[in-house]
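Here's the structure we're looking at; comments come further down.
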Amino acid sequence: MADPQAALLTQLRNIQAKTGKSIAALHTLLADTGLAKVGEKRSWLMEQFKLGYGDANTVALLVGKVPPGLDGAPAAAPAPEGGDPLDALYAGPKAHLREVHEAVMKVARGFGEFEEAPKKTYISLRRKKQFAMVGPATKDAVEVGLNAKDLPVHARLKVLPPGGMCQVTTRIGSVKEVDAVLTGWLKQAFDAAG
């Protein structure tokens, strides 16, 4: 799996290439708008620079913080060799959920190749676009977010407001819940991300 800090730096460099502005310059422009809420800043960035939701959200969340290794900031220390992002996600009281996460990933990997992009609280699964996100929601459940617009209504699915990273989520607390129904939803999201 990729190092989360390296993935963030890659994302930010791509944003700079798309917008033609440094992250610090984007932060200055945001400060000049007078907008206070992250959602307002994200919407402004999406409108002004045609950034996608995830890129605009990342810039808005990092206002006032220039990540190490970007825009002349000191480079971050390299991640320990073989460091696994799941170690941080599933530490302490969430450790028992790691097997649930790994069961979901095993199913997803069976569909074909995709990128696994570690974030602070979850792992993003991407083809041409994100099709799912997997991470601990509570000490008792793993949350699987699905980017699939045409999933049928189901008691296990929670529909999210429009404009987010995923249309629905489901929470699972055991490997037994990584069943044919969840597999079908993941496959539909995987196929749609193309």
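Of note:
- Rg in Å to one decimal, and Dmax rounded to a whole Å, for the chain via C-alpha atoms: 17.7, 51
- The charge dipole of segment 86-192, taken about the Cα centre with unit charges on the Cβ atoms of Lys, Arg (+1) and Asp, Glu (-1), comes to about 220 debye, rounded to the nearest 20.
- Kirkwood hydrodynamic radius (C-alpha pairs) into Stokes-Einstein, segment 104-182, 20 °C and 1.002 mPa s, D in µm²/s: 164
- Exceeding the 23 Å Cα-Cα cut-off - candidates Lys41/Lys94; Lys18/Lys106; Lys41/Lys119; Lys37/Lys158; Lys18/Lys187; Lys120/Lys176: Lys41/Lys94; Lys18/Lys106; Lys37/Lys158; Lys18/Lys187; Lys120/Lys176
Quick note: the coordinates plus some simple rules give every number you see, no bench work behind them. This structure is a prediction, so every number in the text was calculated from the model and none was measured. Counting neighbours? That spans all protein chains shown, and the Cβs are built from the backbone with ideal geometry, glycine included.
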